[in-house]
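The values are calculated or read from the model by the stated rules, or taken from the named source; none is laboratory data. Small disclaimer: the values here were computed from a predicted structure and weren't measured. Reconstructed Cβ throughout: ideal geometry from the backbone, glycine too, with neighbour counts over all protein chains shown.
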Protein chains: 2
Amino acid sequence: MRWLTALNYLPVVGENKSINKDMNGKNIIASTYVNANEKNLNAINPATGLAIEGDFFKANESLVNDALASATEAFQLYRSINKDLKAAFLNAVADEIAAITEELVKRAAEESGLPLPRLQGEVGRTTGQLRLFANLVAEGSWVNAIIETAQPDRQPLPKSDIRRMMIPIGPVVVFGASNFPLAFSVAGGDTASALASGCPVVVKAHPAHYGTSALVGEAIKKAVEKTNMPNGIFSMLYDDGYEIGAALVKHPLTKAVTFTGSFKGGMALVKLADERENPIPVFAEMGSINPVIFLPDALTNKAEELAKKYAASISLGAGQFCTNPGLMLAIESPSLTTFKKSLADAIAAVPSATMLTNGIADNYNRLATEVINNDKASILGISNLTDKDLKNQSKAIVAEISATEFIENPEFREEIFGPYSLLVVAKDLSELESAISSLGGQLTATLMADKEELKNYISLLNKLTDKTGRIILNGVPTGVEVCASMQHGGPFPATNDSRFTSVGSTAIYRFVRPLAYQDWQQDLLPDELKDGNPLNIFRTVNQKLTKADE
Amino acid sequence: MRWLTALNYLPVVGENKSINKDMNGKNIIASTYVNANEKNLNAINPATGLAIEGDFFKANESLVNDALASATEAFQLYRSINKDLKAAFLNAVADEIAAITEELVKRAAEESGLPLPRLQGEVGRTTGQLRLFANLVAEGSWVNAIIETAQPDRQPLPKSDIRRMMIPIGPVVVFGASNFPLAFSVAGGDTASALASGCPVVVKAHPAHYGTSALVGEAIKKAVEKTNMPNGIFSMLYDDGYEIGAALVKHPLTKAVTFTGSFKGGMALVKLADERENPIPVFAEMGSINPVIFLPDALTNKAEELAKKYAASISLGAGQFCTNPGLMLAIESPSLTTFKKSLADAIAAVPSATMLTNGIADNYNRLATEVINNDKASILGISNLTDKDLKNQSKAIVAEISATEFIENPEFREEIFGPYSLLVVAKDLSELESAISSLGGQLTATLMADKEELKNYISLLNKLTDKTGRIILNGVPTGVEVCASMQHGGPFPATNDSRFTSVGSTAIYRFVRPLAYQDWQQDLLPDELKDGNPLNIFRTVNQKLTKADE
């Protein structure tokens, strides 16, 4: 097999042994551990503020160059390997991760403060999405093959044979996210979809979970070895600042960037990418407050049930989800008063929880204090610190504001990352619609409605549709199903490009572009476009979607 | 029908009569002629330098606001009208244009200097692509419906019902292009694909063909009236400078921009769009020199035939195509000497032709003079002025340069818009590949090869593939088939976004984004996503592509 000749030109510097008994903290370049001489980094347990066992090496510019040079070289092999081998590799990554679940969950819990069951679920989600992409790749129709055969006798001009499919664009830089140390990190959805598309990946590990990153990085490294992939398809670099991330985005061989995090962080990367000599796409999933509209009949019929459901959704995972319901809207009514009372009670009973990092906790407490001290909003409910010995604890908070004040004061439309939500009370439907119109783009929007009432709110629905990538009926926005029909990406500023999703199988389309072959020689066409349809995939042939072997 | 209530709030200012007997030169806002008080504009015949009959009104900021306000209002109706009605509208635009073919071709010839047969072909292409999009919309599967049904009993968590499809993004600003006064202008591919997607269009008419724009604008206006579309889906504004175009791109209600033209012009629009408070996508098709590689056996077997074929392609339409073969590359050999001699003779015999505008002719002559006076390149062939009484005439020119000089001097890789091409002579294959590696992104790349030799150039093919959106074997890049498999868009700087095409039916995907409905009520879902598949379209239902009525 041609791709077995893959480069391995980067020397294994030092021995390939663990720094401590459980953890290798070296940077990974082309699936190989390499040394870096700069200062050691340590992971911090946010609940204690103390360093966790394991030393990690800060990367440098030279490693950035090596990572992208090896990714570019590996791309020429990896882009066109057999789809079943690529699927086997993705499944092998899932297998390697599944095999270390216990160790991984333990380490991730120490580093993130997230509870074990949540992290166990996240391992399942991570391996599940790797397998989802393996299946997608093995099936093969995702390349959107379109074939139009020649018409040599057409008048006034003959028609050429033209065949088009999606091809991968090249090395992708993936920024690990803090809030999903597994599912949106080293082998998360971005990495899985980029590797599935045929693009090599260079991961910038998130400083909030070096050890979790190291364990997953080693799992990918092993899968590369076991399935004989070109080594350069995976590299991972450590940094506690912005230097390495910026160098990765600016590197001339980088072809795309993925990021999940703050608006400020995302837009900084977009700016760097736009300023390159050759601009590249950045897929930044940024701030979203995920409005939830409580319609009158729903409140009348189940105010207390809704309050409990939403107190739970607001405080789930210390509110550290991009789909956290940070905004609730309703028209004033006696039922709303009942809802408010129940919500206040439920929020007051939420136990405090460890936030992901000291920075995130500080930021949450600062913004929460600003809301508490702001005379335009009032506090509806607030929880107590239940464990005073732990650091970086968050209190759940729900505030209330009139729609008039909400519309006039844009600062209330900004995301407060944590267990916080703001209830906007409108005098009437018209004011409710105005409040919706004042919003920026969102990842999700939710309607809580009784079956018969929704059809009376078509104008409101249209306004909401224009603001969001996913619209939910009678559910909660937290919990993002990983499937083909998911859309996790909304109008600016929720993401910088609402045409793509970062969750679900269509996330693969972030890393491809169409290429058309005109009058090309059959034996040199990719299998996807050959006569006889050797891969047995769906193709659009002369305007018909078919598996026929035209 | 709901959309019959479409707004018509913009007054018909003045009477709806022609300024002269053939032409109404007023701006069109919401399919209605409106006055503007600023200075009159006139079209210029580039062959004579004289004004052509007909006065046109320069638009102003207030008309920009009116156009986008009415487009935004119309969008709420137009986005969800029945697909057959939308198809009927697109066909009606084609019918109205076909009905005025004679007048249109005559006016376009006067304004552009292009020959009548070419313009007759362009009318056919323009109506053909409108009908192509009508068929696409009527068929309906283009929305990429993906349905995953609920699994209420799934462990550990139930799965929601999630259904996703492409929805239109809103008002699109289309810049008419100078070099295709019909097919890339007022009702060209950009307008056709945007209207097909469900987006209203605001056209900035190109100053090189006001009259052609007016005639086509009136055709669209009539089609809107005859098929009872919301008036706001079409507006068209005149300007002889940059002010109106910039105001359109910066307008908060604009959701996307299309442009075909120079690198400088395209990047200026990209910059304006990026600097908006809400950045929007710009689809700019910019410079491309469309490399053609002549492989040794092909040259040995048919040097003279290839020379004639390429002299014709280089000088077609005075070389004013974005796919003009502005660069040829070959390895030195005795056959190449024969090719060069034949090419020089064929180019010398090319009759001079009128260029589109005085600005384009001046620019061409300035850049051609720079090449002629540059001691790194030599002139291989040049034609004579065959009609000295006409203005803005172009001479066809082919220059030659060594691969060494070509690689070292980036100015030779810039587009010279006109009947010009540069032959790069490499000493060997390695130098040929280096020359290819030095190139920026391209719309097309072409290989002239004998059947057996192509497979010996896999490394070259890989390098070329990474540079282009369309790769052609033994043809010429001029002539872009309008079909589903076409890709007209390549890596930067050929376009600013290689993931999309501006020609062919998939051009529709520039103006849509995915929206997911979670647990949504059946009666409020779009028909495309309803149980029972009422539109009988292809949908991916629980991971199977099917027309079954799941």
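Could you tell me whether the range A:47-57 includes any residue that is within 28 Å of A:MET355 (Cβ to Cβ) and aromatic (Phe, Trp, Tyr)?
Taking every residue of the range A:47-57 in turn, at least one turns out to be within 28 Å of A:MET355 (Cβ to Cβ) and aromatic (Phe, Trp, Tyr).
Output yes when any residue across the range A:332-346 is under 27 Å from the mean Cα position of the chain (by Cα) and at negative phi, and no when none is.
Looking through the range A:332-346, none of the residues is under 27 Å from the mean Cα position of the chain (by Cα) and at negative phi.
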**Request:** Please work out which one of (1) of a type outside the set (A, V, I, L, M, F, W, C); (2) at the interface with chain B (Cβ under 10 Å from one of its Cβ atoms); (3) touching a residue at least 12 places away in the same chain (Cβ under 8 Å); (4) assigned to a loop (DSSP other than H, G, I, E, B) is the condition A:SER185 fails and give its number.
**Result:** (2)
**Request:** For the range B:94-109, enumerate the residues that are surrounded by 22 or more Cβ atoms within 10 Å (Cβ to Cβ) and not β-branched (Val, Ile, Thr).
**Result:** B:ALA94, B:GLU96, B:LEU104, B:ARG107, B:ALA108
**Prompt:** So is A:GLY469 at pLDDT below 95 and at the interface with chain B (Cβ under 10 Å from one of its Cβ atoms) or not?
**Reply:** no
**Message:** Could you check the range B:166-182 and list, in sequence order, the residues that are under 29 Å from B:LEU545 (Cα atoms) and either touching a Leu at 6+ places or on another chain (Cβ under 6 Å) or more than 14 Å from every other protein chain (Cβ to nearest Cβ) (or both)?
**Reply:** B:ILE167
**Item:** Set A:VAL137, A:VAL201, A:VAL186, A:VAL174: member being within 16 Å of A:ASP95 (Cα to Cα) and among the hydrophobic types (A, V, I, L, M, F, W, C)
**Value:** A:VAL186
**Prompt:** Which of the residues spanning the range A:517-530 are at the interface with chain B (Cβ under 9 Å from one of its Cβ atoms) and either under 28 Å from A:PHE184 (Cβ atoms) or out of contact with any Ser or Thr (no Cβ under 6 Å at 6 or more places or on another chain) (or both)?
**Reply:** A:TYR517, A:TRP520, A:GLN521, A:ASP523, A:LEU524
**Request:** Would you list the helices (runs of 4 or more DSSP H) that sit entirely within the range B:309-415 and hold 2 or more residues that are out of contact with any Lys or Arg (no Cβ under 6 Å at 6 or more places or on another chain), hydroxyl-bearing (Ser, Thr, Tyr) and more than 27 Å from B:ALA177 (Cβ to Cβ)?
**Result:** B:334-348
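I want to confirm something. Restricting to the range A:434-453 and keeping residues that are part of a loop (DSSP other than H, G, I, E, B) and within 22 Å of B:THR72 (Cα to Cα), which single residue is nearest to the chain's Cα centre (by Cα)?
Among those residues, the one meeting the criterion is A:GLY441.
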**Spans of helices (runs of 4 or more DSSP H) in the range A:189-296 with at least 1 residues crowded, with 24+ Cβ neighbours inside 10 Å and of a type in the set (D, E, K, R)** = A:189-197
**Message:** Taking the condition of being more than 10 Å from every other protein chain (Cβ to nearest Cβ) and crowded, with 22+ Cβ neighbours inside 10 Å, how many residues in the range B:446-463 meet it?
**Reply:** 1
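Quick one: which of A:SER430, A:SER421 is more than 14 Å from chain B (Cβ to nearest Cβ) and without any contact (Cβ under 8 Å) to a residue 12 or more places away in the chain?
Working: A:SER421 fails: without any contact (Cβ under 8 Å) to a residue 12 or more places away in the chain.
Sole residue among the options that is more than 14 Å from chain B (Cβ to nearest Cβ) and without any contact (Cβ under 8 Å) to a residue 12 or more places away in the chain: A:SER430.
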**Item:** In the range B:31-65, the residues that are within 26 Å of B:VAL93 (Cα to Cα), out of contact with any strand residue (DSSP E or B) (no Cβ under 8 Å at 6 or more places or on another chain) and surrounded by fewer than 16 Cβ atoms within 10 Å (Cβ to Cβ)
**Value:** B:GLU53, B:ASN65
